[in-house]
Amino acid sequence: MSSQPLVTVLVPAREEEADIAGCIRAIGAQDHPTDRIQLVVVDADSTDATVPTVREVASEFGFAEVVIAQNPARWASAGLNAGLQHARGDYLARVDARSRIPPGYVGRCLERLAHHPEVGVVGGMQVAQARTGGVVEAGIARALRNRWTTGLSRYRRGSTSGPSDTVWMGFFRTEELRALQGWDASVVLNEDYELNRRYRLDGRVVWFDACLRSAYLPRRTLTELARQHYRFGRAKGTSWARGQRPAPRQLLLVAAPLASAIVLGSLATRFGPWSAVAVPASLLALDRLQEHEGDATPLVRLAASAATATIGASWWSGVAAGAAGALTRVRHEHG
């Protein structure tokens, strides 16, 4: 019998036939013994071959148990809670279907929680990685690696480890997670931030480990990217309108459109139609601010700039829609 603790790896998935095999293989490649890993995949009514793919690939490894749970509600928080009900491990790792965790991921997270009882959650860095050599997808991945255009989240920009307001995915002590009642099932998006917030309010440290660098496969097209970030923004706008205070780094995002409007207005007054050049020039300048990115072709840089504009416009449109909808509901409830 192994002395290693049993770890539940929980993977929420929907229509992930194309990407989930790599996720399962990355879990199976952990330094932690696979016979001490319980794999729980929660499927949200996929119509493709997500579930058969999971069963086939998981059979390549000697996992302690493979559980396929169902998530008829289809959103992540409900599915994660459904998976939590099946968890037998002393520890639980949330791993997204489009992620690729490094081989030492589970072991390093275990070490942090074992030696630091004040830490409640451990997470690492998200590194967007294109699947193919396509220009648009490469540009989207490049834009998502730019800390200046993705909300300054520590998990996208951090080079040093330390306490954080939130982390990507998350590694937990299972009983502590259950004591906090898991993820808030009423939160359709940004459920990780909401959970990490409750950990912090409970006096626990949310720990970002800069050595944990997991790949993330982003959306393939600008249209898919726009839909995703509109949903993110809408969820954030709803929570802010309901009284949740934004993190300090998020205040920069709140101020950015106003500052941009003031600058563009000033340029328009002075330079007239030529001021229109400022927008693409600014986007290209933001792309240049990235560190350690190396060279990219001009087309990839242009695609990254287009992706940056898409992220910003979609996210802010979502924030406005979410806040307006929440405030309207409040007025009706108190009217």
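The values are calculated or read from the model by the stated rules, or taken from the named source; none is laboratory data. Source: prediction; values computed, not measured. Here the Cβ positions follow ideal geometry from the backbone for every residue, glycine too, while neighbour counts run over all protein chains shown.
Key figures
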read-out	value
Residue within the range 212-232 that is outside any helix (DSSP H, G or I), hydrophobic (A, V, I, L, M, F, W, C) and loosely packed, with under 15 Cβ neighbours inside 10 Å present	no
Filtered residues of the range 1-49 (kept if of a type in the set (S, T, N, Q) and either buried (at least 24 other Cβ atoms within 10 Å of the Cβ) or in a loop (DSSP other than H, G, I, E, B) (or both))	Ser2, Ser3, Gln4, Thr8, Gln30, Ser46, Thr47
Matching entry among Ala49, Ala64 (being within 24 Å of the chain's Cα centre (by Cα) and at negative phi)	Ala49
Of the criteria (1) closer than 24 Å to Asn190 by Cα; (2) assigned to a helix (DSSP H, G or I); (3) polar (S, T, N, Q), which one Gln126 fails	(2)
Evaluation of Asp96 against (1) in a strand (DSSP E or B); (2) crowded, with 19+ Cβ neighbours inside 10 Å (one fails), failing number	(1)
Residue among Val7, Val41 that is under 18 Å from the mean Cα position of the chain (by Cα), aliphatic (A, V, I, L, M), within 24 Å of Phe172 (Cβ to Cβ) and at pLDDT 95 or above	Val41
